[in-house]
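The values are calculated or read from the model by the stated rules, or taken from the named source; none is laboratory data. Remember, it's a predicted structure, so these values are computed and weren't measured experimentally. Positions of Cβ are generated from backbone atoms using ideal geometry, with glycine treated the same way; all protein chains shown enter the neighbour counts. SASA here: full protein model, heavy atoms, side chains in, ligands and nucleic acids out. Shrake-Rupley method; radii C 1.70, N 1.55, O 1.52, S 1.80 Å.
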Amino acid sequence: MTRILIHTDAPQRHIASLSESFPDVQIEGCQRNSDLPGKLEKFRPDILFTVNITSDAPFPRAAILASETLDWVAVAGSGTDHIAPWDADKLTVTNAAGVAAGVMSEFALAAFLHFNLDIPGIMADQSARHWESKRKVRSVDGKTLLVVGLGHTGRMVAERAKALGMTVIGTRANPRKTPFCDEVHAAANLPQLWHRADFIAICTPGLPSTRGLVDSTALSLMKPDAVLVNLSRGGVVDETALRAALTEGRLRGAAMDVFETEPLPADNPIWDAPRLLISPHCSAVHDGWENAAVRLFSANLARRLAGEPLENIVDPKRGY
């Protein structure tokens, strides 16, 4: 009998629906990182469906990779860097890339509009009961958006930006014509692209090759009037360099949803950076996202039980 371990902060609700759909599968739950190593050893599952819980102990990567029975790990999010590296000959890892692309693209566009319409200035005037008769707003129509990483989220950002009349240029590992993009380039061409963008959405996976991608050099090549949004992974944007660029007025604004250390320590100086929106890695967290990830997992489980290939398999060398 196939054994599945559901690792979320509330696994029972998913166990009930999966048990109804797959009555011949044995399913148990685990809702704490600290309990997962023992559960893996005792229950000996073939399959692990896992959410990267951050409110408990550190994610137990070593215990997962040391399991003698696991052959498939289904990650409920898109990022798999908390599991990498793994041996693809022994373990298959899938992700849920795309299930939150819509809301993440809305987050990016909201951040762009936040700065473009000077919402902070409007709120400050309101707080001071000041009527600024000379206030003007800006339009994104005709402005250029650079999407770094045209995966599921990046492509959705491009689509919605295009609906607002923006020119969209983007990068991907294998450049090819992409819907809603006016130009598609290789990531190696980024030094020639930074200065062209009014808005920049970082949507690339967290890989050794993307670590520090947005560093002091990249920031120095951006327009002083540009707005940067990071939806990717912590470590892709150099936080010290970003804080310096904002403090020195070399960037109009930025929104960071991911950080190298999460939760972001209270004494991290980036909290005080001007014109910076800080969100707690929540751009993908919306009502129903976990259910959508479970539905994707359920469809993949049906494929496995039918002897069909799984979808959304992550290549550990590429990271996606």
Any of 177/317; 134/162; 136/162; 90/177; 136/223; 162/223 with alpha carbons more than 28 Å apart? Name them for me.
134/162; 90/177
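Rank these by accessible area, largest first, 1.4 Å probe: 289, 86.
Largest accessible area first, the residues go 289, 86.
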Relative to the chain, whose Cα atoms define the longest principal axis, helix 12-21 and its Cα axis are tilted in degrees, nearest 10, by 60 degrees
The relative contact order of the chain, taking Cα pairs under 8 Å that sit 6 or more residues apart, comes to a percentage of 15 percent
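Using a 1.4 Å probe and counting only protein heavy atoms, arrange 182, 287, 24, 56 so the residue with the most accessible area comes first.
Descending order: 287, 24, 182, 56.
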Fraction of accessible area attributable to carbon and sulfur, the stretch 243-315 (%, probe 1.4 Å)
53 percent
Do any trypsin sites (Lys or Arg not before Pro) in the stretch 150-212 lie in a DSSP loop with no more than 13 other beta carbon atoms within 10 Å, and if so, which?
176, 177
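At a threshold of 8 angstrom on Cα-Cα distance, excluding pairs fewer than six apart, so keeping six or more, what relative contact order does the stretch 177-320 reach in percent?
Relative contact order, the stretch 177-320: 18 percent.
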Using Cα atoms only, what is the angle between the long axis of helix 152-163 and the major principal axis of the chain, expressed in degrees (0 to 90) to the nearest 10?
40 degrees
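Would you mind estimating how fast the stretch 118-165 diffuses translationally, via Stokes-Einstein at 10 °C and 1.306 mPa s with the Kirkwood radius over Cα pairs, in µm²/s?
Roughly 120 µm²/s, to the nearest whole number.
Does the stretch 193-256 classify as rounded, prolate or oblate by the C-alpha gyration tensor (a ≥ b ≥ c root eigenvalues; a/c under 1.5 gives rounded; else a/b over b/c gives prolate, otherwise oblate)? Working shown, then result.
Numbers: a/c = 1.71, a/b = 1.46, b/c = 1.17.
Prolate shape, in that a/c is at least 1.5 and a/b is the bigger ratio.
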Can you pull the accessible area of residue 171 for me, 1.4 Å probe, Å² to the nearest 10?
0 Å²
Which whole-Hz ³J(HN,Hα) couplings does the stretch 295-311 yield from phi under the Karplus relation 6.51 cos²θ - 1.76 cosθ + 1.60, θ = phi - 60°, glycine and proline marked x?
5, 5, 4, 4, 5, 5, 5, 4, 5, 4, 5, 8, x, 9, x, 6, 9
For the chain, one quarter of the surface area of the C-alpha convex hull, expressed in nm², comes to 18.2 nm²
One finds, for residue 275 and residue 87 with R0 = 35 angstrom and r their Cβ-Cβ distance, a FRET efficiency to the nearest 0.05 of 0.20
Extend 7 Å from the Cα of residue 123 along its Cα-to-C-beta direction; within the stretch 272-287, residues with backbone N under 11 Å of that point are 276-278
With a 1.4 Å probe and all protein chains in place, put 164, 310 in order of accessible area, largest first.
164, 310
Given the rule -39500 (n - 2.57) for each run of at least 4 DSSP H residues, summed and divided by the residues of the chain, what is its mean residue ellipticity at 222 nm, to the nearest 500 deg cm²/dmol?
-8500 deg cm²/dmol
Neighbour cut-off at most 16 other Cβ (10 Å), DSSP loop, trypsin sites (Lys or Arg not before Pro), the stretch 42-127:
90
³J(HN,Hα), Karplus 6.51/-1.76/1.60, whole Hz, each residue of the stretch 259-270, x for Gly, Pro
9, 5, 10, 10, x, 5, x, 4, 8, 5, x, 5
What do you get for the angle between helix 101-116 and the principal long axis of the chain? Use alpha-carbon atoms, 0 to 90 degrees, nearest ten.
20 degrees
What are the equivalent ellipsoid semi-axes of the stretch 122-238, built from the alpha-carbon gyration tensor (square roots of five times its eigenvalues), in whole angstrom, biggest first?
28, 18, 13
Net charge over other residues, Cβ less than 14 angstrom from the Cβ of residue 181 (K, R count +1; D, E count -1):
+4
Probe 1.4 Å - accessible area at residue 286, Å² to nearest ten:
60 Å²
Compute a Gaussian network model of the chain, connecting alpha carbons closer than 10 Å, and tell me which residue from 125, 141, 71 fluctuates the most.
125
If you add up the charges near residue 299, with Lys and Arg at +1 and Asp and Glu at -1, over every other residue whose beta carbon is less than 14 angstrom from its beta carbon, what do you get?
+1
So what J values fall out for the stretch 283-294 if you push phi through Karplus, 6.51 cos²θ - 1.76 cosθ + 1.60 with θ = phi - 60°, rounded to Hz, Gly and Pro as x?
5, 9, 8, 9, 4, x, 5, 5, 5, 5, 5, 5
How much accessible area per residue does the stretch 177-320 have, counting only protein heavy atoms and a probe of 1.4 Å, in square angstrom?
49 Å²
